[in-house]
Amino acid sequence: QLVESGGGLVQAGASLRLSCAATVRTFDAYAMAWFRQAPGKEREFVASISRSGGGFIYTPSVKGRFVISRDNSKNTLYLQMNSLKPEDTAVYYCAAGRGGGFNIPSTFDSFGQGTQVTVSS
C-alpha cells in the first residue's frame with residue numbers, strides 16, 4: 001500500500017514536499033517514482049529513483065526544480081518541489097515497481113491514491 005501526503009494550495013514560486021509511506025516488507029526491493037495527472041490530461045511520469053537511491057531521472061519540465069529521494073529505513077519516498085509553477089498543478093501519485101529498471105516508466109505498476117497539488121499564479 002502506498003499513501004501520499006503533503007499536497008496543498010500554494011502560490012507560484014513556493015515549495016512543497018510530498019511524502020509517500022509504503023507498507024511493504026522489502027521497500028528497497030522496489031524502484032519508486034512520482035507521476036502526476038492534470039485535469040483533462042493523461043497521467044505523466046515526473047521522476048523516479050533506483051532501489052538504493054543512488055540513481056534518479058526527471059522529466060525535463062521539472063529538472064532543476066524537483067528532487068526525488070527515499071529513506072529505505074523509513075519505507076518512505078519524497079518529492080521536494082521548488083519554484084512551483086501553475087502548470088505543476090495536478091494530482092501527484094506515488095508508484096512502485098519490482099520487475100524492471102527505475103529508468104523505465106512501465107516498471108511502475110502499483111500506485112497510491114494521490115495527493116492534490118494546486119499552484120496559483
Can you confirm whether region 1-19 contains a residue that is modelled with pLDDT under 95, open to solvent by 30 Å² or more (accessible area, probe 1.4 Å) and not acidic (Asp, Glu)? yes
Enumeration of residues in region 17-42 that are of a type in the set (Lys, Arg) and under 19 Å from residue 103 (Cα atoms): 36
Residue 24 - would you say it is among the hydrophobic types (A, V, I, L, M, F, W, C) and modelled with pLDDT under 95? yes
Quick check on region 43-56. Is at least one of its residues within 20 Å of residue 103 (Cβ to Cβ), among the hydrophobic types (A, V, I, L, M, F, W, C) and open to solvent by 60 Å² or more (accessible area, probe 1.4 Å)? yes
Which condition number does residue 39 fail, the rest of (1) assigned to a loop (DSSP other than H, G, I, E, B); (2) surrounded by 15 or more Cβ atoms within 10 Å (Cβ to Cβ) being met? (2)
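The values are calculated or read from the model by the stated rules, or taken from the named source; none is laboratory data. All of these numbers come straight from a predicted model, not from anything done at the bench. Glycine also receives a Cβ, built like all others from the backbone with ideal geometry; neighbour counts cover every protein chain displayed. With ligands, DNA and RNA removed, areas are computed over all heavy atoms of the protein, side chains included. Shrake-Rupley method; radii C 1.70, N 1.55, O 1.52, S 1.80 Å.
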